[in-house]
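Read through the structure below, which is laid out as structure tokens, and then see the notes.
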Amino acid sequence: MNAWLTQHLQALHWAWQRLAATPMNSLLSLLAIGIALALPAGGQMLLDNSLQFVRATFSNNDSATSTAPQISLFMRLTAERSAAEAITQRLQKHPAVKSAHFVSREDTLKRMQADPGLREIIASLPDNPYPDAFIINPQDDRPDAMEALRSELATWPQVEHVQLDAAWVRRLDAMLRLGRLAVALLTGLLGAGLIAITFTTLRLQILARRSEIEGCRLLGATDAYIRRPFYYFGFLQGLAGGIVAWLIVFLITQLLRGPIAELAQLYDATLILHPLTSRDTLLLLAISSMLGWFGAALSLRRYLHDDSL
């Protein structure tokens, strides 16, 4: 066990030395990798911030013009107030309901009577034409989940109609799915670039150590022993490139935070640009490390057994 650990530590130390031996070349390679990975990482950061901004807007239920994806539940005109109270209790206990606001028919009538264009029409009616209603904010704003909740609410006693702006919700969901797909495609394309950079770099390292590799083979070194330092080299290069990508995204976030906040204030909104989350940061470093390792594996498979060595 100690010998195995010692060999891995030696391979890791060699890989680090090779990166430090040519600082300018290593810096340029890391910048190329960092810039390539910063594009999808920045896209993910913008997508997360956009989603947080939309959800923050959704939670603003004090505004009558809130753009939140809500469900409107209308009671029957003949329903007693006790039926509305029963609905209130059921909504408060429902796991799919985030919050529910009761709008009495009397409040609706007063609001409509305040409109000069409707005042005379409403005054000519013998009774209050408006039902008791509920404005419901669901826990899950996905279209399928909201449609399922709407269908369930429509079956409750004394419920006349349940309305959902399904088209608006589906448009939002489609935009989010498109954004995630764009980030995934960008990650795949630029990840291939990282593999190509590691592939080329390892090829140069293998050619530079050609005589040393042959000497190790003559002394009985296994392929695993010869390959191990190159694997660690690709791993470290990918990891360092991921760190550079994170730093680029972080600096861009800090530079844009103030101007974006000022722009949002002009539209009476609040938008604070946040850097990558801890989960996304760990995912970025893991992906960059694995891509570096994979690029090293491809290069070793292609050139380590080349007859020219």
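The table below lists the values:
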item	result
Selection status of A166, small (G, A, S), modelled with pLDDT under 85 and exposed (fewer than 12 other Cβ atoms within 10 Å of the Cβ)	no
Segment 229-246 residues that are assigned by TED's automatic domain parsing to the domain that holds L283, paired with ones that are assigned to a helix (DSSP H, G or I) and charged (D, E, K, R) (beta carbon under 8 Å, 6 or more apart)	P229/R18; F233/R18
Residue that is modelled with the lowest pLDDT [pool: residues in segment 130-163 that are hydroxyl-bearing (S, T, Y) and assigned to a loop (DSSP other than H, G, I, E, B)]	Y130
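The values are calculated or read from the model by the stated rules, or taken from the named source; none is laboratory data. What you see is a predicted model, and the numbers here were worked out from it, not measured in a lab. Backbone-built Cβ (ideal geometry, glycine too); neighbour counts: all protein chains shown.
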